[in-house]
Amino acid sequence: MKIPTTLKHKPVIVVEDYENVDGRLAYETDAKGLSLGLAQWNDRGKVDISAKVWRHTGEKWSRQSEELPLHRVLDLAILLCRAKQYFQEAYRFENFYDPNSPMIERIGLQGDAMSVMVCTDNEKIDEDIRLFAQALSNDDELIAERLITLSRILKEMGY
């Protein structure tokens, strides 16, 4: 399915067959494509690049399509990697975390830090963190394949 080029987000680099590789939803997803392009929020004279997940209902392009600035895509990748790393050792805690010390790590970015922590404000955190850990484990093969690919590409780029 061709990604539309007449909307506010202007695709430049596209994956038009994303529905074939969308994790457990492959071949049965409404996420039909990915693109990197000119952001829909661009003002005259100011150009930002964004990433977009294109969703299609079967009849039309969905308003639930998501557009993110590239730094947020990378921040989410950092968060995912750190969470995955955390859960490799979280079994040591009775409830997969230490309620007295919910901070996982502060990751320095742009002269400050992104605080990665267990959400103890969630009143069902003990149940939800177990469900999260199990889902992360269930998807390990899908996630690992993508992380290995990302690692290879980063190494090729000199990172």
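The values are calculated or read from the model by the stated rules, or taken from the named source; none is laboratory data. None of these values were measured; they are calculated from a predicted model. Every residue, glycine among them, receives a Cβ derived from its backbone with ideal geometry; neighbour counts consider all protein chains shown.
For segment 109-144, a tally of residues being under 14 Å from residue 81 (Cβ atoms) and free of Cβ contacts under 8 Å to residues at least 24 places away in the same chain returns 2.
When you look at residue 76, is it in the same structural domain as residue 133 (by TED's automatic domain parsing), under 19 Å from residue 147 (Cβ atoms) and touching a residue at least 40 places away in the same chain (Cβ under 8 Å), yes or no? It would help to see each step written out before you state the result.
On the way: in the same structural domain as residue 133 (by TED's automatic domain parsing): yes; under 19 Å from residue 147 (Cβ atoms): yes; touching a residue at least 40 places away in the same chain (Cβ under 8 Å): no.
Against the criterion (in the same structural domain as residue 133 (by TED's automatic domain parsing), under 19 Å from residue 147 (Cβ atoms) and touching a residue at least 40 places away in the same chain (Cβ under 8 Å)), residue 76 does not qualify.
Tallying residues that are over 14 Å from the mean Cα position of the chain (by Cα), more than 15 Å from residue 31 (Cβ to Cβ) and part of a strand (DSSP E or B) within segment 48-85 yields 1.
Of all residues in segment 18-40, count the ones that are in contact (Cβ under 8 Å) with a residue 24 or more places away in the chain and either in a loop (DSSP other than H, G, I, E, B) or among the β-branched types (Val, Ile, Thr) (or both). The total comes to 3.
Looking across segment 110-156, the residues that are surrounded by 11 or more Cβ atoms within 10 Å (Cβ to Cβ), within 30 Å of residue 99 (Cβ to Cβ), out of contact with any Cys (no Cβ under 9 Å at 6 or more places or on another chain) and among the charged types (D, E, K, R) come down to 126, 127, 130, 139, 140.
For segment 89-145, the set of residues classified as among the hydroxyl-bearing types (Ser, Thr, Tyr) and closer than 17 Å to residue 78 by Cα consists of 115 only.
Residues checked against (1) in contact with a Leu (Cβ under 7 Å, 6 or more places away or on another chain); (2) at pLDDT 95 or above:
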site: 84; (1), (2): yes, yes
site: 94; (1), (2): no, no
site: 104; (1), (2): no, yes
site: 111; (1), (2): no, no
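Go through segment 1-47 and count every residue that is loosely packed, with under 12 Cβ neighbours inside 10 Å, within 19 Å of the chain's Cα centre (by Cα) and of a type in the set (A, V, I, L, M). So the answer is 2.
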